[in-house]
Amino acid sequence: MSSAKSKLNLGCGRDYRYDRSWVNLDITAPASVIADINSGLPFKDRTFSLIWASHILEHIKDLRMIQRELARIMVTGGLLNVIVPYYLSPDAWGDPTHCRAFSEQSFMSVFWVGFSPLNMERKKYTKRGTSQEVQWLHVEMQRTSVEYWEVQAALSGNNFTKG
(Lines give C-alpha, C1' and ligand atoms only; values in the text may rest on other atoms or scores of the structure.)
Protein backbone atom coordinates (compact mmCIF):
# COMPACT_ATOMS: atom_id res chain seq x y z
CA MET A 1 0.00 0.00 0.00
CA SER A 2 1.48 3.35 -0.98
CA SER A 3 1.92 6.07 1.62
CA ALA A 4 -0.40 8.29 -0.44
CA LYS A 5 -3.30 6.14 0.76
CA SER A 6 -2.99 6.84 4.44
CA LYS A 7 -6.70 7.18 5.27
CA LEU A 8 -9.09 4.29 5.84
CA ASN A 9 -12.87 4.57 5.54
CA LEU A 10 -13.80 1.50 7.60
CA GLY A 11 -17.13 -0.04 6.60
CA CYS A 12 -17.70 2.68 4.02
CA GLY A 13 -21.12 1.52 2.80
CA ARG A 14 -22.58 4.33 0.69
CA ASP A 15 -20.11 6.88 2.14
CA TYR A 16 -17.47 6.16 -0.52
CA ARG A 17 -14.55 8.62 -0.43
CA TYR A 18 -13.33 9.37 -3.96
CA ASP A 19 -10.14 11.19 -2.99
CA ARG A 20 -7.13 8.98 -3.86
CA SER A 21 -5.73 9.25 -0.33
CA TRP A 22 -8.66 7.14 0.97
CA VAL A 23 -9.03 3.38 1.08
CA ASN A 24 -12.72 2.42 1.24
CA LEU A 25 -13.28 -0.95 2.93
CA ASP A 26 -16.58 -2.80 3.11
CA ILE A 27 -18.00 -6.29 2.67
CA THR A 28 -19.49 -5.47 -0.77
CA ALA A 29 -18.78 -3.31 -3.81
CA PRO A 30 -18.25 -0.50 -4.62
CA ALA A 31 -15.61 -0.53 -1.85
CA SER A 32 -12.02 -0.37 -3.09
CA VAL A 33 -11.13 -3.21 -0.67
CA ILE A 34 -13.69 -5.97 -0.16
CA ALA A 35 -13.30 -7.71 3.21
CA ASP A 36 -15.33 -8.95 6.16
CA ILE A 37 -14.26 -6.75 9.06
CA ASN A 38 -15.31 -9.48 11.49
CA SER A 39 -12.39 -11.55 10.16
CA GLY A 40 -9.75 -8.86 10.72
CA LEU A 41 -8.31 -6.10 8.55
CA PRO A 42 -6.25 -6.99 5.44
CA PHE A 43 -3.58 -4.31 5.85
CA LYS A 44 0.05 -4.17 6.89
CA ASP A 45 1.04 -2.87 10.33
CA ARG A 46 1.19 0.92 10.71
CA THR A 47 -0.46 1.68 7.37
CA PHE A 48 -2.93 4.45 8.24
CA SER A 49 -2.66 7.87 9.85
CA LEU A 50 -6.43 8.44 9.83
CA ILE A 51 -9.26 5.93 10.22
CA TRP A 52 -12.90 6.94 9.82
CA ALA A 53 -15.28 4.41 11.42
CA SER A 54 -18.78 5.80 11.03
CA HIS A 55 -21.75 3.63 11.98
CA ILE A 56 -19.72 0.40 11.88
CA LEU A 57 -18.45 -0.55 15.36
CA GLU A 58 -21.97 -1.28 16.62
CA HIS A 59 -22.15 -4.08 14.01
CA ILE A 60 -18.86 -5.79 14.98
CA LYS A 61 -19.31 -9.05 16.86
CA ASP A 62 -15.86 -9.08 18.50
CA LEU A 63 -15.05 -5.51 19.49
CA ARG A 64 -11.76 -6.48 21.17
CA MET A 65 -10.52 -8.04 17.93
CA ILE A 66 -11.27 -4.88 15.93
CA GLN A 67 -9.62 -2.74 18.62
CA ARG A 68 -6.45 -4.84 18.29
CA GLU A 69 -6.62 -4.58 14.50
CA LEU A 70 -7.11 -0.80 14.55
CA ALA A 71 -4.12 -0.43 16.88
CA ARG A 72 -2.06 -2.67 14.58
CA ILE A 73 -2.76 -0.84 11.31
CA MET A 74 -2.54 2.71 12.69
CA VAL A 75 0.64 4.76 13.00
CA THR A 76 1.59 6.26 16.35
CA GLY A 77 -0.06 9.66 16.59
CA GLY A 78 -2.71 8.71 14.04
CA LEU A 79 -6.34 9.71 14.49
CA LEU A 80 -9.31 7.40 14.83
CA ASN A 81 -12.71 9.02 14.29
CA VAL A 82 -15.68 6.96 15.47
CA ILE A 83 -19.39 7.61 15.17
CA VAL A 84 -21.60 5.13 17.06
CA PRO A 85 -25.18 5.00 18.40
CA TYR A 86 -25.63 6.41 21.88
CA TYR A 87 -26.97 3.78 24.25
CA LEU A 88 -30.04 5.84 25.27
CA SER A 89 -31.08 6.53 21.69
CA PRO A 90 -34.07 4.59 20.29
CA ASP A 91 -31.93 3.79 17.27
CA ALA A 92 -29.22 2.08 19.34
CA TRP A 93 -31.16 -1.15 19.74
CA GLY A 94 -33.86 -0.62 17.11
CA ASP A 95 -31.62 -1.98 14.36
CA PRO A 96 -31.42 -5.79 14.66
CA THR A 97 -27.92 -5.77 13.14
CA HIS A 98 -26.51 -3.80 16.10
CA CYS A 99 -24.46 -5.93 18.50
CA ARG A 100 -23.96 -3.10 21.02
CA ALA A 101 -24.51 0.55 21.82
CA PHE A 102 -22.03 2.98 23.37
CA SER A 103 -21.77 5.58 26.11
CA GLU A 104 -19.02 8.06 26.88
CA GLN A 105 -17.51 5.49 29.28
CA SER A 106 -17.14 3.02 26.40
CA PHE A 107 -14.23 5.10 25.10
CA MET A 108 -12.17 5.43 28.26
CA SER A 109 -8.50 4.61 27.66
CA VAL A 110 -8.74 1.54 29.87
CA PHE A 111 -11.12 -0.01 27.30
CA TRP A 112 -9.19 1.32 24.27
CA VAL A 113 -5.61 0.33 25.06
CA GLY A 114 -3.30 2.10 22.62
CA PHE A 115 -5.69 5.02 22.08
CA SER A 116 -6.27 8.23 23.98
CA PRO A 117 -9.58 10.11 23.65
CA LEU A 118 -9.09 13.66 22.37
CA ASN A 119 -12.65 14.81 21.80
CA MET A 120 -16.07 13.34 22.48
CA GLU A 121 -19.39 14.85 21.47
CA ARG A 122 -22.93 13.55 21.68
CA LYS A 123 -24.98 14.68 18.69
CA LYS A 124 -28.74 14.66 18.27
CA TYR A 125 -30.51 14.28 14.94
CA THR A 126 -34.10 14.08 13.84
CA LYS A 127 -34.55 10.94 11.77
CA ARG A 128 -35.37 11.74 8.15
CA GLY A 129 -39.09 11.54 7.44
CA THR A 130 -40.02 11.29 11.15
CA SER A 131 -40.04 13.39 14.29
CA GLN A 132 -37.96 10.77 16.15
CA GLU A 133 -34.80 12.13 17.72
CA VAL A 134 -31.76 9.85 17.69
CA GLN A 135 -28.37 10.33 19.33
CA TRP A 136 -24.85 9.41 18.24
CA LEU A 137 -21.44 9.73 19.83
CA HIS A 138 -18.63 11.19 17.76
CA VAL A 139 -15.29 10.31 19.33
CA GLU A 140 -11.83 11.31 18.15
CA MET A 141 -8.96 9.26 19.57
CA GLN A 142 -5.22 9.37 18.98
CA ARG A 143 -3.04 6.28 18.64
CA THR A 144 -0.60 6.34 21.53
CA SER A 145 2.96 5.04 21.59
CA VAL A 146 1.88 1.86 23.39
CA GLU A 147 3.40 -0.98 21.38
CA TYR A 148 1.09 -3.34 19.52
CA TRP A 149 2.17 -6.37 21.58
CA GLU A 150 1.07 -4.47 24.71
CA VAL A 151 -2.32 -3.76 23.11
CA GLN A 152 -2.56 -7.42 22.09
CA ALA A 153 -1.82 -8.58 25.64
CA ALA A 154 -4.22 -6.11 27.27
CA LEU A 155 -7.10 -6.90 24.92
CA SER A 156 -6.71 -10.66 24.71
CA GLY A 157 -8.82 -11.50 27.77
CA ASN A 158 -12.48 -10.59 27.57
CA ASN A 159 -13.64 -10.50 23.96
CA PHE A 160 -16.76 -8.44 24.71
CA THR A 161 -18.70 -10.52 22.21
CA LYS A 162 -22.45 -10.70 22.05
CA GLY A 163 -24.21 -13.97 22.46
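Can you tell me which residue among Val110, Val139, Val146 is modelled with pLDDT of 90 or more and out of contact with any Cys (no Cβ under 6 Å at 6 or more places or on another chain)? Give the derivation first.
Details: Val110 fails: modelled with pLDDT of 90 or more; Val146 fails: modelled with pLDDT of 90 or more.
Unique residue meeting the criteria: Val139.
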- Would you pick out the residues in the stretch 76-130 that are of a type in the set (Val, Ile, Thr) and in contact with a strand residue (DSSP E or B) (Cβ under 8 Å, 6 or more places away or on another chain)? Thr76, Val82, Ile83, Val84, Thr126
- Could you check, for the stretch 7-14, whether at least one of its residues is modelled with pLDDT under 95, out of contact with any Ser or Thr (no Cβ under 9 Å at 6 or more places or on another chain), of a type outside the set (Lys, Arg) and part of a loop (DSSP other than H, G, I, E, B)? no
- Message: Take the residues in the stretch 92-133 that are touching a His at 6+ places or on another chain (Cβ under 9 Å) and among the polar types (S, T, N, Q); name whichever of them is surrounded by the fewest Cβ atoms within 10 Å (Cβ to Cβ).
- Response: Thr97
- How many residues are at pLDDT 90 or above and over 15 Å from Ala92 (Cβ atoms) if we restrict to the stretch 120-136? 2
- Message: Name the single residue that is nearest to the chain's Cα centre (by Cα) among those in the stretch 35-52 being exposed (fewer than 13 other Cβ atoms within 10 Å of the Cβ) and outside any helix (DSSP H, G or I).
- Response: Asp36
- Can you find a residue in the stretch 33-55 that is among the basic types (Lys, Arg) and more than 19 Å from Glu147 (Cβ to Cβ)? no
- Item | Count of the stretch 80-91 residues which are under 30 Å from Ala153 (Cβ atoms) and either more than 14 Å from the chain's Cα centre (by Cα) or surrounded by fewer than 19 Cβ atoms within 10 Å (Cβ to Cβ) (or both) | 3
- more than 24 Å from Ser39 (Cα to Cα) and either in a strand (DSSP E or B) or touching a residue at least 40 places away in the same chain (Cβ under 8 Å) (or both): does that describe Ser131? no
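Scan the stretch 118-153 for residues that are touching a Lys or Arg at 6+ places or on another chain (Cβ under 7 Å) and among the aliphatic types (A, V, I, L, M) and jot them down. If you could, list the steps in order and put the result at the bottom.
So in the stretch 118-153, the residues touching a Lys or Arg at 6+ places or on another chain (Cβ under 7 Å) come out as 133-138, 148, 151-152.
If the condition is that a residue be touching a Lys or Arg at 6+ places or on another chain (Cβ under 7 Å) and among the aliphatic types (A, V, I, L, M), then Val134, Leu137, Val151 are the ones that fit.
The values are calculated or read from the model by the stated rules, or taken from the named source; none is laboratory data. Please read these numbers as outputs of a predicted model, since none were measured by experiment. As a convention, Cβ positions derive from the backbone with ideal geometry for all residues, glycine included, and neighbour counts pool all protein chains shown.
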